[in-house]
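Below: one structure, written as structure tokens.
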Amino acid sequence: MTNAREIVQHFKKGMGTLTDAMPETIPAMAGFMGTAAKDGALTYREKELVAIGVALYTRCPECIAVHCQKALEAGCTREEILEAAGMAMVFGGGPVLGSSATLLLECLDEFAK
């Protein structure tokens, strides 16, 4: 699966299935993630840029797609997202470059529409 929208849709469907199967665990995890993402010393927007870097570093396609979409929705620009990717490349090298040159660029193109 390489289409950015399909990755996000597949992830959301799987989250629904897991929520049904684990009605205490998954909502608790989602609540934790939501709390961590709220504005604080860093804005939600800035935290999405951090999430892009971490997603690329860990090479999680679902995380890359979801957080790219969220970053754009939060008002991040393509240039800011690519700079976050550049910082991830500093720490993750070639594998992060590969994910940036493929899935991240596809996500940017698809979700910027």
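Taken as a whole, segment 42-49 holds at least one residue that is farther than 28 Å from G94 by Cα and in a loop (DSSP other than H, G, I, E, B).
Can T17 be described as among the hydroxyl-bearing types (S, T, Y), under 22 Å from F111 (Cβ atoms) and at pLDDT 95 or above? Write out each step before concluding.
Values: among the hydroxyl-bearing types (S, T, Y): yes; under 22 Å from F111 (Cβ atoms): no; at pLDDT 95 or above: yes.
Answer is no for this residue.
The number of residues in segment 20-30 that are surrounded by 10 or more Cβ atoms within 10 Å (Cβ to Cβ) and farther than 18 Å from C63 by Cβ comes to 5. For beta carbons closer than 6 Å, sequence separation of 6+ or different chains, a first residue in segment 34-53 that is more than 16 Å from A65 (Cβ to Cβ) and among the aromatic types (F, W, Y) and a second that is at pLDDT 95 or above and part of a loop (DSSP other than H, G, I, E, B), the qualifying pairs are Y44/A74. In segment 84-112, the qualifying residues are those that are over 16 Å from R59 (Cα atoms) and either exposed (fewer than 15 other Cβ atoms within 10 Å of the Cβ) or touching a strand residue (DSSP E or B) at 6+ places or on another chain (Cβ under 8 Å) (or both), and the one that is modelled with the highest pLDDT is D109. Within segment 22-31, is there a residue that is of a type in the set (D, E) and either part of a helix (DSSP H, G or I) or under 19 Å from H10 (Cβ atoms) (or both)? Within segment 22-31, none of the residues are of a type in the set (D, E) and either part of a helix (DSSP H, G or I) or under 19 Å from H10 (Cβ atoms) (or both). Residue count for segment 64-113 satisfying the condition of being within 11 Å of the chain's Cα centre (by Cα), farther than 17 Å from N3 by Cβ and among the aliphatic types (A, V, I, L, M): 2.
The values are calculated or read from the model by the stated rules, or taken from the named source; none is laboratory data. Nothing here was measured: the structure is a model prediction, and the numbers come from that model. Counting neighbours? That spans all protein chains shown, and the Cβs are built from the backbone with ideal geometry, glycine included.
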